[in-house]
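We did not get these values from a lab; they are worked out from the coordinates using the rules stated. None of these values were measured; they are calculated from a predicted model. When we count neighbours, we look across all protein chains shown, and the Cβ atoms used for this are built from the backbone with ideal geometry, even at glycine.
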Amino acid sequence: PLYAILSVEDGKHGGWDLDAFLATGEQDVARLLDACGRLGAPARREAAFELGCGVGRLTRALSGRFERCVGVDISAPMIARAGELNADRPNCEWVVNTAPDLRMFPDRTFDLVLSHLVLQHVPGRDVVLGYLGEMVRILAPGGVLVAQLPASMPVRQRIQPRRRAYAALRHLGI
């Protein structure tokens with residue numbers, strides 16, 4: 001699962017060293033919060049939220065900088081692994097959410113709302129726009145919303161042949 005989250009050549013087929021993998025989360029969060037700090041935000045560091053947290057690489061790094069961190073993912077196995085890998089982080093909460101919204105979270109709750117290279121995997125522009133609206137809704141006043149997407153994607157990834165083949169076979173009852 002580590003390679004699925006952070007795809008580097010050395011990480012293929014279980015090649016990621018766990019400590020090195022988690023260190024990349026620390027580095028990414030440090031850069032993110034440095035950039036936010038230059039803008040004077042977030043106003044508080046009480047609660048952070050990550051949509052598409054996978055095994056918790058970034059949520060874990062946020063946990064040393066925020067009082068409470070919530071990592072959300074569509075994959076129950078990823079969330080289970082996040083709980084195992086981050087058992088030493090009592091201020092982290094791991095949530096499976098398969099709904100196309102974040103209604104389980106109250107308005108204006110989180111000082112940082114983050115989605116790092118996740119929304120491009122969401123099937124459908126309407127769902128992406130819905131998630132963006134939801135992330136704005138759960139953002140606290142004076143908070144920061146960061147949604148990172150790739151600047152470009154190869155045609156092969158845009159077409160998503162596996163997803164389309166799976167949908168076609170399922171439609172045919174196979």
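Brief remarks on what is shown
- Fraction of antiparallel bridges per DSSP, the stretch 42-105 only, in percent to nearest 5: 0 percent
- Ordering of 168-174, 125-131 by packing [mean C-beta count within 10 Å, highest first]: 125-131, 168-174
- Computed over the stretch 29-92, the range of Cα coordinates on each principal axis works out to 37, 20, 15 Å, biggest value leading.
- Highest to lowest packing among 104-117, 29-42, scored as the average C-beta count within 10 Å: 104-117, 29-42
- Ordering of 45-55, 17-27, 66-76 by packing is 45-55, 66-76, 17-27, highest average first (other Cβ atoms within 10 Å, averaged per residue).
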